[in-house]
Each structure stands twice: as structure tokens, then as C-alpha cells.
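Colleague: So that we are looking at the same thing, I have put the structure below in C-alpha cells.
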Protein chains: 2
Amino acid sequence: MKIVIIGGGAGGLTTASNIRKYDENAEITVITRDEHIAYSPCAIPYVLCGEVDCFEDIIMHKPEDYLEKDIKVITRAEVLEVSSIANKIKYSLIDKKDEPAEELSYDFLVIATGGTPFIPPVEGSELEGVFKIRTIKDGLKIREYAEKSSKAVVVGAGLIGLEIAYGLLNMGLDVTIIEMIPQVVPRSLDPDMASLVQKYVSKKGINVILGKSMDKIVGENHVKGIVLEDKIIEADMVIMATGVRPETKLAKMAGCNIGRWAIQVNEEMQTSIPNIYAVGDCVEVYDAITGHNTQSPLGTTAVRQGKIAAKNIAGIKAEFKPVLNSMVSKIGDLEFGAVGLTNAVALNNGIDVITGKSRALTKARYYPGAKRIDVKMICNLKGVIIGCQIIAEERVAERIDTMSLVIAKGMTCSELANMEFSYAPPVSMVIDPIILAAEDACDKLSNLNKNKEDKISF
Amino acid sequence: MKIVIIGGGAGGLTTASNIRKYDENAEITVITRDEHIAYSPCAIPYVLCGEVDCFEDIIMHKPEDYLEKDIKVITRAEVLEVSSIANKIKYSLIDKKDEPAEELSYDFLVIATGGTPFIPPVEGSELEGVFKIRTIKDGLKIREYAEKSSKAVVVGAGLIGLEIAYGLLNMGLDVTIIEMIPQVVPRSLDPDMASLVQKYVSKKGINVILGKSMDKIVGENHVKGIVLEDKIIEADMVIMATGVRPETKLAKMAGCNIGRWAIQVNEEMQTSIPNIYAVGDCVEVYDAITGHNTQSPLGTTAVRQGKIAAKNIAGIKAEFKPVLNSMVSKIGDLEFGAVGLTNAVALNNGIDVITGKSRALTKARYYPGAKRIDVKMICNLKGVIIGCQIIAEERVAERIDTMSLVIAKGMTCSELANMEFSYAPPVSMVIDPIILAAEDACDKLSNLNKNKEDKISF
């Protein structure tokens, strides 16, 4: 069985390794445009900010490591053509463009082409000093340019934008981050929770400008600044953290159906063409709560999809379930995470909600080093928890995972309020902040019901 | 409505505060033998080891704080008599023993008498320098004595024993801990996981002796050492951390039914006498997995029971669910926790199991400061997860909480292996250690089933 996988990121390589796990004879080839494979793009900002020493460190594996598993990896190769009729791809090596294209035939093709940064069509975006951020190469270029710069503007205050801004700040630059929407992390956090993150990064020294759009980038040859509502902000460099678009070109060429957001796949990660599978940022998935198709551009999603695709290709039935899009990030000492729907997204989907909140501590009140923790829980009017956001200087990620389970299992705030949580003074409060937020939600729900009854009785 | 609550710990005071939440007119009196109320006995070792400054710090509330909620607290008072026919108790103040006993009548009585340390009948246990550990007073005495001592023996290597041993070590003493059973933390950890904790405390400098019983304590007037299988271990002080027995004397006096372990209560925390409730370490509960009655001497259990008792007393139906006994502790930098059944307890209950294990990291592999984490997951032969133990130098407690939910919801290892977990390089691995352990359990289960099939086909 010949398997060709296009893409050397989390999705592609997980598929490759897992196919090998089930089938020791399969001929597996991974082909990627990138020079590096098996690195975590989410780690790039942490190299910039100096927490991780160098870009080499974040590369988990080299092509040679895969050869040991008898998986062939071709790097710096551009796939030129996919023929789903002939079951062949054509590619050329980027360093040998003059040589004739090579061919690879397949029994199964896996498209794991990921995403490409979206750069909005703005005047000046072609100037020297304007950067996108996706690959290690991008990271290296940014670092090199930042070393001789003193002022940077980051466009877009999503996760990557904030992380890069903090990285550049730590490199000693004067950093401004601008965001069209009037809050940071608009995809995952509600404004009330986002404001806590914003305050933190502002306090660290990042200049945050919200609710305003950049008009243009100015400069001659190289960047000198940006124009924002007729005001000029000086800058030596501009990082466009304006999102990533699924890379669907090859899938389209193969004739795979493309949905609203990205490549359509069924629960087995199979595209509309039976022997072509797709995984990772280039596919669209279903939201576990709304049931609508959505994107899930997360490394964890790519890994989970790669496992499912590999099983199905190897003949073992497996299904990828709708997502909750649980996320976490850490900027400086601040961890923040979210799972499920925000208040805003719930309302946009016509779901009426109540929210439970708690502000508590990460250890017993008297224990030295206890940090403040904020929890927001979103429930529908039956009390079923459909979203959660948590912010603290420690112990957020695992609480988000707990909440993922709570949401996946359809638990109500009152069921959660009665759950058992572990306790020891150095690591938790006797009543967990999650329980406190669930109790708050229960109280609000019973007040709501009481008010309804009062209204009915009048 | 008059409510008398005997006991000023987590169970008693939670009941008091929560009754006030639902009933602003109730006359609530809390009566306790102790001088202090509202402190966390689990924090005492952390004061000894110097992580928390002083015993004052771990007292969360004073009697005056409760007066603000119109809850009367009587400290240093011994309840002499409970009459469930007259609905009255008699008590005397410890400092005024000569005065006639006072009386309090009640509509509802709540017994939250906790537990008392169990001291095995061993020769020499009456010597000066032998201590039990339960109250702040005990903690103060131990600290004072330790300040003029150089060698200590701690008897019992459960949680409290280990924590106290580490506390004394940090005070500069030469510490030996001895445990009859051939492992540390026998109630919560299996031997393989316990050995990791043992290695850690040994490395810190505690002398650990397992599988041996103390014959006697020797000395004249004050402790000089202990005898252990004909060998003398010198010591200036001996701490008996040999467990706690539920304090059921008053409940017996009232005529409440006592079960195998402690006071029997129904799901509403009501004893066999309708207007007497009981909560905390003095009651017995049901195990969520085996269905058998068991003990749950945990602050979190006491708090959850107090809330349930308060609701029912206030006329709001609420039920306390069977327990999973989730626990966590931190000794030095090592966190360890467990929930559900150990392998050993499962086998004792006739449940055949397979175990999934993982040894991984708490952050991305390349991220500085990543710590080793060990996870052990116990599943029945249908793959349903019934227990979990986790050890690492960070981020254990919340993972235990995640596993509590997993077990409470009856999830299988294969369901868990497909769950969504959040990821960012500074806070997690792209595949969570919990997922890795679940996958290991899945593999073992499918091997087991394959072997079965092989056997059948022969």
C-alpha cells in the first residue's frame, strides 16, 4: 500500500507515524514545502521572547528520525499537481526547479497542507519590514530584523499576535498591538475576561489599541510606521498576525469538495474522494455545541485527526468527534484558556445564556504564593454548561481540560457544583474556583426561574 | 428554628454558614471542644515545614466572624450529654469545669465531631515526647518540642505522616519514618507509584523504613528511641501518625445508628434519628465504584456534606453522592494525587483490571523547566476507568479533578483517549500524559481481547 502525505506538520506526521503503527509494510512518503518538519508553530513566539533558547530546540524530529520508522520525508518540495484520476502527484524540489518534475503514485493521499497567513490587502504591505508569521523561517526573519529595530507594530490581538508582541517586547522593542475588534483574543474570550488579559499585557508595557483599523503602512522601501485613523504610529517593523486561512489549493485541484471554511471531510477524515483523506488546519470540522461547521486550527486537533485518519486508512474504523476548540496560552506569567462557546457566540447562535463567575485563589488563602484566578462559566437556560474561560497565573490548562469534559458530557452547573475536587492547601482551595463559578451559575439560574414565576403569578 | 452544631471544623461551620444562607431567622449555635475554629488541619504540616509562616495564618475565621452572620460559636466546651428525646444537649466550659453544666435545646442537631487520632497500644506511648497530630494545639506542641530536639521518628507513612516528616526535616531534625505496610501512602497509591514518592522523600533526606512494626517506645520520662525488630532507633520525639478514628461517642449517646466505620447517614446526611444530622469525618459514606460503605476523611467531603445537610435542614431537598475519595498532597516540590480505586483495592473487591501508564512531561519537550509526570490509570475489563494516580512536580491536582469527572461519568479509556485537551508549549504537551496513559490502557485491553480470541480459536 502506497501512502503519500502532503504536509510535514502535526497532522501529516501524526498520520504517517500512526499508519506505521498499524501497518508495517505500507510505503509512506511525506512531502513538504518547508525546510523543517515536526515543529510546533505555536512555539515560535516563545523563542522570540527568549523562554526557549533557539529555533532548533522546537524541532521535535528531523527527516532522519522518520527514516528509522521507514517513513520517507521529502522537504522543500512543491506539489505541482494532484491527479485523483491517475492517483498521482507531481512535485519539484524548490532547490532544483530546473529539473523535470517528479511523480509519486499513491493508493491513499493525505492532504495536511495546513494554513497560510492571511494578509489583508493594505497599502504598504509589500514594504521591507512587514512580516507574516507561520514558519520557523518567518520566525528567524523576524528575530533578525527585530535585533536591529526599536519599534514594532503587531496587527491583530489574537493569541499569536499577543504572543509575538510579548516576544518582541522581551527583545527590548517598543511594541504597539492593534486590533480592529474592541477587545483582545476575540475568538475565545468575552470582553470582560479579555480585559484582564489586556490589563496584564498593558502593565507589562505593550501599547494596546483596540477597535481601530490600520489604514495603511507607510515608508519608502522599508517600513516607517502605520496610519491609524489619520494618526501615524512610528515603527521599524510590522507583524501581520491577522489570521491564517486554510490552504486548500491542492485539495481543489484534486477535486475534493470544499465547504464554507475549508476542505470537507466525513467523521473518518475522508474527503469527497474516497482514497483522499485530509487532516489539520486545512479541513473544517463540526462544533460540538452548535452543530455548525467551523474551523479548529489547533495542534491538538491536527494530532487527533491524524490518528483517526491513520486508523481508517489502515482499515480500523474510527471517528473524529465534533470539537469544543479548547485553547490555552501563556503570556509572561499569565495563563488564559477557554473551551466551548463564548457568551457572544452563544447569543449569535440564538442560545440564551446565564453566566456564573468566580474570582478566587489558586491555593489556600493563607498559603504563600497563591494567585488570583478568574473563572467564567456559560450555561444555557437549562443549566447545561456550554463554555468556560479561565485566567490566572498558574493552573489554568488542566482546569480547562476538566471543563472540556464537563461540556462534552453535557453536565449542568448544579451537577458540577456537587462534584468532588481534590484539595491540599499548597495546590488548591477547599472549594475549587470552578465549583464557586458553578454555584454562582446555579444561583443566577434559580433567581431567573423565580423571577419568571413571579412574572407568571402577576 | 434552633440548630445546634457540635464541631467547629469544615463540616460543622459549612453547615452553619449554609443554613444561614437559606434561613435568616434560624438560631444557630456551634459548639466545639477546640480553642480554634475554622482551620484546616491539613495545613498543620505546612506550618511545621515553614512554608506557611505561623499557626495563626491557617485559621480562616474567628468566632467573631461568625457572630457577624448571627452564628454563635462556643469554644472550649465539652458536650457531656445528648438527649434525643428531650432534644437537648448539656455542656460545660473546659475552663469552668466547677460551674454547673449548661443546656441547649434544639430543633435540629448536627454532629460534626470529626475524628480523633488513633494511637496503637504500644509500650512507652505515654512518655514525654510522644505526640499525636490533629489540632493546632498538637502542632504547637510538636513545633516547640522539635525546636529542642535533633532526632524524630514518625510512625505511619500515610499523607499526614509523610507531610509531618518533611516538616520536621525542614526544621533541621534527623527524621525516620516507619510504616508497617511495605509502601508509603498505602491507602491511595499502588506500590509502583508509591515508590516514586518514597524515592523523592528519601532523596530529600528522610530515612524511610517500610514493612516493619514498632515494638515499643523506650526512654525514662521522655522518649529516647523506638525498638523496631530488636533494633533501636534513637529519637528525641515520636509522632504517631497512625490514623484517625471517627469520633462517634456523642452520636452513640444520642442513639444514632453506627455503621461498620462511623455514624450512618442517608443521602440527606440525616442520621437514624430524623432531626439529627451528621457530617464530616465522623460519618460513613458509600464508595461510588464498589458501592460499599467506606470512610472519606477529607476536608472537601466535609464541606460538600455540610452544604447538603444545610439545604435539607432548611427544607431544600439535596443528596450527597457516593464518593471517589480524590486526594492530592504536596511534599517539597512533589505533588501526588489519586482518585477512585487502586489496583490493589479493585482486586480485593473482585474487580479484574488492566492498567495504563505513561511517563511524560508537564510542558512541551523543548520547553525549559518541563517536569517528569507519571500517570497510572486503572480500568475494568470493559475499559471503564475506575482509578487514577498521578505524580509530578507540578500540575497534578487539576489533572486528578479531570480524572474524578472521567470516573464519575463512567468513561472508558477509549473514550478518554479521543477527548480534547488544551495545549500550549509552556503548559502542556501536545498529547496530554493522561491521554497517553489512556492509550496505553486501550492497547493493553485490545491485546488482552486478542489473546482471549486466540485462546478461543485454539
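Colleague: Could you work out the local net charge near residue B:222, counting Lys and Arg as +1, Asp and Glu as -1, over the other residues with Cβ closer than 9 Å to its Cβ?
Modeller: On the way: positive: B:224; negative: B:128, B:220, B:236.
Every neighbour counted, the sum reads -2.
Colleague: Say a label goes 7 Å from Cα toward Cβ at residue B:199 in every copy; what distances in nm does this one have to the rest, shortest first?
Modeller: Nearest to farthest, the other copies are at 4.4 nm.
Colleague: At 7 Å along the Cα-to-beta-carbon direction for both residue A:414 and residue A:372, put a label point, then send me their distance in nm to one decimal.
Modeller: 3.3
Colleague: Just to be sure I understand: chains B and A are related by a rotation, so which residue of B has its Cβ closest to that axis, and how close in Å?
Modeller: B:398, 2
Colleague: Roughly speaking, what is the stretch gain from residue B:64 to residue B:381, that is 0.36 nm per residue apart minus the C-alpha to C-alpha distance, in nm to one decimal? It would help to have the intermediate numbers written out before the result.
Modeller: Details: separation 317, 0.36 × 317 = 114.12 nm, distance 5.46 nm.
Value of the extension gain: 108.7 nm.
Colleague: Next question, about the same structure. What is the set of long-range amide H partners of residue A:386 at a cut-off below 5 Å, with H atoms built 1.01 Å from backbone N?
Modeller: Residues meeting the criterion, in which the H sits 1.01 Å from N, are A:378, A:379, A:380.
Colleague: With a 10 Å radius around each residue's Cβ, average the other Cβ atoms per peptide and rank A:24-30, A:185-191, highest first. Write out the running numbers ahead of the final one.
Modeller: Numbers: A:24-30: 17.1, A:185-191: 21.0.
Result, highest mean Cβ count within 10 Å first: A:185-191, A:24-30.
Colleague: Okay, next question. Within a 10 angstrom radius of the beta carbon, how do B:14, A:116 rank from fewest other beta carbons to most? Please report the intermediate quantities before stating the final value.
Modeller: Values: B:14 27, A:116 17.
Sorted ascending by nearby Cβ count, the order is A:116, B:14.
Colleague: Determine Rg/Rh for region B:114-157; Rg is computed over alpha-carbon atoms and Rh is the Kirkwood hydrodynamic estimate from the same atoms. Don't skip to the end; give the middle numbers.
Modeller: Details: Rg = 11.1 Å, Rh = 11.7 Å.
Checking Rg against Rh, the ratio lands at 0.95.
Colleague: If you don't mind, there's one more thing I want to ask. Return the calculated 222 nm mean residue ellipticity for the protein assembly as shown, to the nearest 500 deg cm²/dmol, obtained by summing -39500 (n - 2.57) across DSSP H runs with n ≥ 4 and dividing by the residue count.
Modeller: Numbers: 24 runs with 262 residues, N = 916.
The helix-only estimate for the protein assembly as shown comes to -8500 deg cm²/dmol at 222 nm.
Colleague: Round to the nearest 10 and give me the degree value, 0 to 90, for the angle of helix B:299-313's Cα axis relative to the longest principal axis of chain B.
Modeller: 50
Colleague: What is the mean number of Cβ atoms from other protein chains located within 10 Å of the Cβ atom of each residue in peptide A:42-51, rounded to a whole number? Let's see the in-between values first.
Modeller: Values: counts 6, 6, 1, 1, 7, 2, 0, 0, 0, 5.
Other-chain Cβ atoms within 10 Å of each residue's Cβ, averaged: 3.
Colleague: Would you kindly calculate the mean projected area, averaged across all directions, of the convex hull enclosing the Cα atoms of chain B, in square nanometres?
Modeller: Working: hull surface 104.1 nm².
In nm², the orientation-averaged hull projection of chain B is 26.0.
Colleague: State, in angstrom, two size descriptors of region A:327-453 derived from its alpha carbons: Rg to one decimal place and Dmax to the nearest whole number.
Modeller: Here Rg and the maximum Cα pair distance are 14.5, 48 Å.
Colleague: Could you give the radius of gyration (one decimal) and Dmax (whole number) of the Cα atoms in region B:128-200, in Å?
Modeller: Using the Cα atoms of region B:128-200, the pair Rg, Dmax is 12.8, 37 Å.
Colleague: In vacuo Debye scattering of the protein assembly as shown, one point per C-alpha: log10 I(q)/I(0) at q = 0.07, 0.08 Å⁻¹?
Modeller: Debye output, listed in q order: -0.65, -0.83.
Colleague: Would you please give the residues with an amide H less than 5 Å from that of residue A:115, counting only those at least 5 places away or on a separate chain, with H modeled from the backbone geometry?
Modeller: Under 5 Å from the amide H of residue A:115 lie the amide H atoms of A:247, each far enough along the sequence or on another chain.
Colleague: Rounded to whole Hz and in sequence order, give me ³J(HN,Hα) for region A:152-160 from the Karplus expression 6.51 cos²θ - 1.76 cosθ + 1.60, θ = phi - 60°, writing x for Gly and Pro.
Modeller: The phi angles translate into 10, 10, 10, 9, x, 10, x, 4, 5 Hz.
Colleague: Convert 25 °C to kelvin, take the viscosity as 0.890 mPa s, use the Kirkwood radius over C-alpha pairs of region A:240-289 as Rh, and evaluate the Stokes-Einstein diffusion coefficient in µm²/s, rounded to a whole number.
Modeller: On the way: Rh = 11.3 Å.
Translational D for this selection: 216 µm²/s.
Colleague: So what's the net charge close to residue A:34: Lys and Arg +1, Asp and Glu -1, counting the other residues with Cβ under 10 Å from its Cβ? Don't skip to the answer; put the middle values down first.
Modeller: Values: positive: A:33, A:76, A:134, A:137; negative: A:35.
Combined, the nearby Lys, Arg, Asp and Glu give +3.
Colleague: Also, I was wondering about something else. Mind giving me the nanometre distance, one decimal, between the label points for residue A:348 and residue B:316, set 7 Å out from Cα along Cα→Cβ?
Modeller: That separation, rounded to one decimal, is 3.6 nm.
Colleague: Which of A:401, A:443, B:98 comes first, and how do the rest follow, when ranked by fewest Cβ neighbours within 10 Å? Let's see the in-between values first.
Modeller: Details: A:401 28, A:443 15, B:98 5.
Ordered from fewest to most neighbouring Cβ atoms within 10 Å, A:401, A:443, B:98 come out as B:98, A:443, A:401.
Colleague: For a label point 7 angstrom out from the Cα of residue B:93 toward its Cβ, which stretches of region B:4-33 have the backbone nitrogen within less than 19 Å?
Modeller: Backbone N within reach: B:5-8, B:29-33.
Colleague: Moving on. Considering region B:119-242, what Rg and Dmax in Å follow from its alpha-carbon atoms?
Modeller: Rg and Dmax of region B:119-242, Cα atoms, are 13.4, 41 Å.
Colleague: Across peptide A:426-437, how many C-beta atoms of other chains are within 10 Å of each residue C-beta, on average?
Modeller: On the way: counts 12, 11, 7, 1, 11, 7, 4, 0, 2, 4, 0, 0.
Averaged over the peptide's residues, the number is 5.
Colleague: Here's another thing I want to ask about it. Tally Lys/Arg at +1 and Asp/Glu at -1 over every other residue whose Cβ is under 15 Å from the Cβ of residue A:116; what's the total? Walk me through the numbers on the way to the answer.
Modeller: Details: positive: A:33, A:132, A:134, A:137, A:245, A:249, A:252; negative: A:34, A:78, A:138, A:247, A:281.
Counting the neighbours of residue A:116, the net charge comes to +2.
Colleague: A further question on this structure: Once the dipole of region B:119-242 is set up with Lys and Arg at +1 and Asp and Glu at -1 on Cβ about the Cα centre, which of B:127, B:221, B:140 lies farthest towards its positive end?
Modeller: The one lying farthest along the dipole's positive direction is B:140.
Colleague: About the Cα centre of the protein assembly as shown, what is the dipole size in debye to 20, counting +1 per Lys and Arg Cβ and -1 per Asp and Glu Cβ, all else neutral? Please list the in-between numbers first.
Modeller: Values: 104 positive and 122 negative charges, 214 e Å.
It comes to approximately 1020 debye.
Colleague: Output needed: percent of Cα pairs per 5 Å distance bin for region B:33-157, bins running from 0 to the one holding the longest distance.
Modeller: Calculated P(r), rounded to whole percents: 2, 8, 14, 17, 18, 16, 11, 8, 5, 1, 0.
Colleague: Another question, then. Within 10 Å of each Cβ in peptide A:319-327, how many partner chain Cβ atoms are there on average? Round it to a whole number, please. Working shown, then result.
Modeller: Working: counts 1, 1, 4, 1, 1, 3, 2, 5, 3.
Shielding by partners across A:319-327 averages 2.
Colleague: Using the basic label-point model (7 angstrom from Cα toward the beta carbon), what is the residue B:231 to residue A:102 distance in nanometres?
Modeller: 6.6
Colleague: Taking the dipole about the Cα centre of region B:333-457, with the C-beta of Lys and Arg at +1 and of Asp and Glu at -1, give me whichever of B:337, B:445, B:433 is farthest to the positive side.
Modeller: Looking along the dipole axis, the top candidate is B:445.
Colleague: Just subtract the alpha-carbon distance of residue A:453 and residue A:245 from 0.36 nm times their residue separation and send over the number in nm, one decimal. Before the final figure, lay out each step's value.
Modeller: Details: separation 208, 0.36 × 208 = 74.88 nm, distance 4.84 nm.
Working it through step by step, the gained length comes to 70.0 nm.
Colleague: Still on this model: On C-alpha positions alone, give me the angle between the axis of helix A:136-147 and the longest principal axis of chain A, in degrees, nearest 10.
Modeller: 70
Colleague: Placing the label point 7 Å from Cα along the Cα-to-Cβ direction, what are the distances from residue A:134 to the equivalent spots in the other copies, shortest first, in nm to one decimal?
Modeller: 6.7
Colleague: Hey, another quick one. Just report the Cα centroid separation between region A:212-249 and region B:150-207, whole Å.
Modeller: The distance from the Cα centre of region A:212-249 to that of region B:150-207 comes to 60 Å.
Colleague: Compute the whole-percent fraction of alpha carbon pairs in region A:155-312 spaced more than 29 Å apart. Could you put the intermediate results ahead of the total?
Modeller: Values: 4577 of 12403 pairs.
In whole percent, the long-distance tail amounts to 37.
Colleague: Fewest Cβ neighbours within 10 Å first, please rank A:76, A:33 accordingly.
Modeller: Details: A:76 15, A:33 18.
In order of increasing Cβ crowding within 10 Å: A:76, A:33.
Colleague: Further question on the same structure: Name the residues whose placed amide hydrogens come within less than 5 Å of the amide hydrogen of residue B:134, ignoring near sequence neighbours (fewer than 5 apart) on the same chain.
Modeller: B:139
Colleague: If each label sits 7 angstrom from Cα along the C-beta direction, how far apart, in nm, is residue A:25 from its counterparts in the other copies?
Modeller: Relative to the other copies, residue A:25 has label-point distances of 8.4 nm.
Colleague: So which GluC sites (Glu not before Pro) in region A:164-232 pass both tests, a DSSP loop state and at most 16 other Cβ atoms within 10 Å of the Cβ? List each step's numbers first, then the result.
Modeller: On the way: sites: A:179, A:220, A:229; in loops: A:229.
Those that pass, being in a loop and sparsely packed, are A:229.
Just so you know, all these numbers are worked out from the coordinates, no wet-lab data involved. On a predicted model such as this, the values are computed, not experimentally measured, just so you know. With ideal geometry, Cβ positions are generated from the backbone for all residues, glycine too; neighbour counts draw on all protein chains shown.
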